[in-house]
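Contents: one structure, followed by commentary.
No value in this document is a laboratory result; all are computed from the given coordinates. Because the structure is predicted, anything quoted here is derived from the model rather than measured. Here the Cβ is made from the backbone with ideal geometry for all residues, glycine too, and neighbour counts use every protein chain on show.
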Amino acid sequence: MPRVPFRGRRPAGPDARTDEETRAHVAGAASAAAAEVAAPPAVHPDPTAAAFFDVDNTMMMGASLFWFARGLAARKYFSNRDMLGFVWQQAKFRIGGNEGDPDDMLTIRENALAFVADRPVAEIVQASEEIYDELMADRIWAGTRALAQQHLDSGQRVWLVTATPVELASIIASRLGLTGALGTVAEVVDGRYTGRLVGELMHGPAKAEAVLALAEREGLDLSRCTAYSDSANDLPMLSLVGTAVAVNPDTELRAIARARGWTIRDYRTGRKAARIGVPTVAAAALTGGVVGGAIALRRREKFPF
């Protein structure tokens, strides 16, 4: 496939980066490298245009990582008591607004995937497939899925871009018939997770870095690409592409979308919003990287790193 220059803002050189920017760049590059890339559809392929979909509250109701953790709890990876502690820690993190505390951010990075430390990758992949079928398949937004299908039908490739581990994200993409996924990459040694991340969680600037890296590798023209998200946290990704769409947007993103003339799609009803509210709040911080104190501490004692 010929490589054509992509249009978008490139990150600054290494000397100009902060530690956070460097981690986001490493995470984005790792996620793009880990993504399984399929060829454009055989009928009328459009290889330089693509679509990028956030997952949580955009492609599916609630947060995928919450349901993933719930499925692991059901399989005795940790206790229900740990799960409650996990929910409380996330709510405290979001409501307290501690994102700027360096100590908190260090804890986030160290503990983000502690609950899979020392587990074989094959085991987690199998569990992920089961958990998707049990807890996630019925939570896919039909409207958003239809948007993705429109891109596929027009010959474009479609990727999910999410903080969820890339293994789970790839399963979701496969089940939905999409091209692939850009997700958080966990460090693996000898076929087992170490509990550490490669770079940063696929969140905020890291998503933009992953899209940039994939665009360069696949010859995408970002001015012809489309991105979908529910959250203002994804503004770096939304601002990279020629077309940005707010799906089930939070208050901040809705205001920004209106100001910038972006399309807004809202598939929620009052009943559905109530149904997904608790999982959304509970998993919001984990999407930003926080694992409950009980889980992190117990896992860390067993598998120090």
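Can you run phi through the Karplus equation (6.51, -1.76, 1.60; θ = phi - 60°) for the range 223-237 and list ³J(HN,Hα) in whole Hz, with x for Gly and Pro?
3J(HN,Hα) across the range 223-237, in whole Hz: 5, 9, 9, 10, 10, 10, 7, 9, 10, 5, 4, 9, 4, x, 6.
Hey, can you grab everything whose amide H is under 5 Å from the amide H of G195? Only 5+ residues off in sequence or another chain; H modelled, so Pro and N-termini drop out.
D118, E187
Hey, could you grab the Kirkwood Rh for the range 109-249? Inverse mean 1/r over distinct alpha carbon pairs, Å, one decimal.
Numbers: mean 1/r = 0.0624 Å⁻¹.
Evaluated over the range 109-249, this radius sits at 16.0 Å.
In what sequence, highest mean first, do 245-256, 203-214 appear when ranked by Cβ atoms within 10 angstrom?
Values: 245-256: 19.2, 203-214: 25.6.
So the order, starting with the most tightly packed, is 203-214, 245-256.
Which of the peptides 170-180, 147-157 is most tightly packed, and how do the rest follow, judged by the mean count of other Cβ atoms within 10 Å per residue?
Working: 170-180: 20.0, 147-157: 18.1.
The packing order, highest mean first, is 170-180, 147-157.
Give me F53, F115 ranked fewest to most by other Cβ atoms within 10 Å of their Cβ, as a rough exposure proxy. Could you put the intermediate results ahead of the total?
Working: F53 27, F115 24.
Least to most surrounded, the residues fall as F115, F53.
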